[in-house]
Amino acid sequence: LGGRAFDDLKKEKAGMILPAEHYESVRVRRITSEIVRAARRTLGVAPVDPAGELLNDRFMARNYGKQAMTRHLDGLDWEVIVVEDRQVNAMCVPGKIVVYTGLLDYFKTDAEIASVLGHEVGHIIARHSAEAITKSLCSYAVQRLVMGRDSPDFMRGVSKLLFTLPFSRKMEIEADHIGMLLLAAAGFDPHIAIAVEEKLGKLSRNSELENYLSTHPSGKKRVQSLSQDKVLKEAMELYREASPVKEAERFSIPDPFDIRGRRSQGWKW
């Protein structure tokens with residue numbers, strides 16, 4: 001359903017999607033690649049290099065038996081598009097991420113963008129799209145029964161649910177936490193995640209942020225949640241470990257996206 005909704009959105013925004021070779025598209029894909037690699041490491045999904053050897057053996061050995069449930073991430077065909085639009089927003093469905101240029105105008109640095117993308121990947125890891133659909137399943141199930149299996153209205157409703165309606169505040173806080181850990185594991189200072197939330201708070205009266213804030217509620221609670229000692233301690237530990245691993249990955253793991261934005265052969269979650 002998420003893939004179909006993503007395809008619908010691409011058709012709707014066809015004239016506004018930046019070319020895959022545009023520097024902003026390449027930049028966002030590169031940063032997404034770093035976040036996804038960090039997620040793969042942190043969750044204990046063993047990556048394989050072209051020679052077939054497992055990487056990060058020390059990390060895997062230390063975390064053996066603590067692996068998160070990641071089956072829903074297997075085989076995701078990651079795709080990232082950048083839409084030329086002033087709204088400050090980013091959205092996701094499993095394996096698919098949409099970033100609006102308005103967000104890139106407000107958040108200039110790679111670290112800030114990585115914080116936002118980490119949040120979006122956090123939603124995917126936590127299965128928030130599926131959870132949101134489940135919570136609204138009754139009304140859509142009735143609509144599907146009444147209007148038929150292939151009803152376009154049904155798919156429009158699902159697309160709206162996936163890309164328009166906000167996640168719950170609890171889901172946003174959870175994605176914030178996961179996103180900060182991914183940011184740190186990707187080699188970015190996790191304090192950037194707090195700075196991003198503070199920056200959103202300071203700009204919350206700007207009308208250009210209305211769309212972002214409708215799906216990403218900001219406020220002191222989010223900053224306080226990320227500023228907890230236990231959260232920062234966990235993130236800083238990942239950050240300290242990330243630099244040498246990140247440097248090694250730069251030479252040992254191919255970029256999952258080529259210049260055209262297509263998935264490179266042989267790369268999987």
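Data table
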| item | result |
| --- | --- |
| Glu12 versus Arg86: modelled label distance in nm, points set 7 Å from Cα along the beta carbon direction | 2.0 |
| Restricting the range 3-44 to GluC sites (Glu not before Pro) in coil, as DSSP defines it, with at most 16 other Cβ within 10 Å | Glu21 |
| Set Lys135/Lys221; Lys199/Lys220; Lys108/Lys202; Lys10/Lys199 screened for pairs whose C-alpha atoms are more than 20 Å apart | Lys135/Lys221; Lys10/Lys199 |
| Separation of the Thr109 and His22 label points, Cα + 7 Å toward Cβ, nm | 2.5 |
| Simple label model, 7 Å out from Cα along Cβ direction - Ser227 to Thr134, nm | 3.3 |
| Fully extended contour minus Cα-Cα distance, from Glu234 to Arg71, at 0.36 nm per residue | 56.3 nm |
| Amide H partners (placed H, <5 Å) of Lys96, local residues excluded | Glu79 |
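Readers should treat all values here as calculations from the given coordinates under stated rules, not as data from a laboratory. If you're wondering where the values come from, they're calculated on a predicted model, not measured in any experiment. When we count neighbours, we look across all protein chains shown, and the Cβ atoms used for this are built from the backbone with ideal geometry, even at glycine.
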